[in-house]
1. Would you confirm whether or not region 126-140 contains a residue that is out of contact with any strand residue (DSSP E or B) (no Cβ under 8 Å at 6 or more places or on another chain) and surrounded by 24 or more Cβ atoms within 10 Å (Cβ to Cβ)?
2. Just give me the residues in region 181-201 being more than 7 Å from Ala144 (Cβ to Cβ) and in contact with a His (Cβ under 7 Å, 6 or more places away or on another chain), in sequence order.
3. I'm checking my understanding of the structure. Among residues of region 306-337 that are at pLDDT below 70 and not hydroxyl-bearing (Ser, Thr, Tyr), which one is farthest from Leu284 (Cα to Cα)?
4. With respect to Ala144, determine if the residue is crowded, with 21+ Cβ neighbours inside 10 Å, without any contact (Cβ under 8 Å) to a residue 40 or more places away in the chain and within 14 Å of the chain's Cα centre (by Cα).
5. Could you grab me the full set of residues in region 120-158 that are polar (S, T, N, Q) and either more than 22 Å from Trp181 (Cβ to Cβ) or assigned to a strand (DSSP E or B) (or both)?
6. Out of all the residues in region 108-119, which are outside any loop (DSSP other than H, G, I, E, B), over 20 Å from Ile174 (Cα atoms) and either under 16 Å from the mean Cα position of the chain (by Cα) or hydrophobic (A, V, I, L, M, F, W, C) (or both)?
7. Given the criterion of a type in the set (S, T, N, Q), at pLDDT 75 or above, assigned to a strand (DSSP E or B) and touching an Asp or Glu at 6+ places or on another chain (Cβ under 7 Å), identify the matching residue among Ser239, Ser266.
8. What number of residues within region 324-336 are hydroxyl-bearing (Ser, Thr, Tyr) and either exposed (fewer than 14 other Cβ atoms within 10 Å of the Cβ) or farther than 16 Å from Gly361 by Cβ (or both)?
Amino acid sequence: MGNTGLPTGFWLEEFAAPYFVFRDAGIELTLASPKGGQPPLDPKSDLPENQTLAMARFKKDAAAQKALANTLKLADVKAEDFDTVFYPGGHGPMWDLAESPTSVALLEAFYNSGKPIALVCHSPGVLRHVTYQGAPLVKGKHVAGFTNGEEEEMQLTKVVPFLVEDELLRLGAIYEKMANWQPFSVTDGRLITGQNPASSTSAAQALLKLMTVAESDSSMNSVQIEHKSYEMPPRDGISVAHFLTVADIDRSLRFYETVFGGRALSRGDSKGAPGYIQIANTWLLVNVGGGPTPDKPSVTLSVLADPDKISSFMNIRVADIQACYKLWKSRGAEFITEPIPKYGETRCYIRDPDGYIIEVGQSTDLTYG
């Protein structure tokens, strides 16, 4: 572990918990490590205070122990032979896998071929040199990983070669976290990341769910046109959001977080920017309303006393608003305004044939999260 003279390696819970999640689901597993054979275990992970049910099960399972003692060499593993890859953490990966050209090439091969990848705890730091379409793979993506606060509690802030949280932020990721040591994992398209050892199970379950959905889709009467990940703000194409007029932005965000498992990306600000919340592949813009305005002369948004009436309009967020403006105008769209700067975005407004307003926006200074 750096210059300390102390041994390190993978964290046992982060191997054992995912291993049994996958094995219990009938998944065919292959274990690999940089040098092959028995990979080094971080001795701290096996201290009495760190014991878990998955670890206890592993110690009674001869087949699991044999598999771990005979890992393949990472250089002998090819992405085309597998459906996905899961990286356990521990401090060890920060010194070897994070700087391994073999690991970088393997992760890029999985992701470039449309396959999901999952990493937990310190292993999201292994993505520091991994790129996708010429940019850091994590840029603009929602990710989790070992927090600065957790590293500080481990008293290793000055020992590790880099801090996972800081590195992910440096690479342009949208970093998310819970309180120290709480289980938390994030799925963004084909990238799954977990915060800490307690997140190993949820990250593995998320990957299993993603694989199950993909397998189900491929067995149905469908045609796969392309691999596409919808994001807000979009890096390619468009994403659709729904505008909700509410009495209290924070109250509504808490409701959608609690009831539907939504993820608050922004809680708005005093200048009038709305709150943003993601639910599955849908984004809600939560605002206290207003109007009419010159760009929406026929729209007044307010919370209505009658529960059988609604007050909302359609939103489309785009990667290139000028290109969309030209394209849709050429197709006959009636624009109320040309693209104009507003609330950290560039926006324009379309009126459809029935008079409904469609707001189109491209993020400029506005951030989500």
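The values are calculated or read from the model by the stated rules, or taken from the named source; none is laboratory data. Bear in mind the structure is a predicted one, so any value in this text is a computation, not a measurement. Cβ sites come from the backbone with ideal geometry, for glycine too, and all protein chains shown count toward neighbours. The protein model used for the area step is the full one, side chains on, heavy atoms only, and it has no ligands, DNA or RNA in it. Shrake-Rupley method; radii C 1.70, N 1.55, O 1.52, S 1.80 Å.
1. Scanning region 126-140, I find no residue that is out of contact with any strand residue (DSSP E or B) (no Cβ under 8 Å at 6 or more places or on another chain) and surrounded by 24 or more Cβ atoms within 10 Å (Cβ to Cβ), so the answer is no.
2. Correct list: Asp188 only.
3. So, considering only residues that are at pLDDT below 70 and not hydroxyl-bearing (Ser, Thr, Tyr), the one farthest from Leu284 (Cα to Cα) is Asp306.
4. no
5. Residues satisfying the conditions are Thr131, Gln133.
6. Of everything in region 108-119, those that are outside any loop (DSSP other than H, G, I, E, B), over 20 Å from Ile174 (Cα atoms) and either under 16 Å from the mean Cα position of the chain (by Cα) or hydrophobic (A, V, I, L, M, F, W, C) (or both) turn out to be Ala109, Phe110.
7. Result: Ser239 is the single residue among Ser239, Ser266 that is of a type in the set (S, T, N, Q), at pLDDT 75 or above, assigned to a strand (DSSP E or B) and touching an Asp or Glu at 6+ places or on another chain (Cβ under 7 Å).
8. Count: 1.
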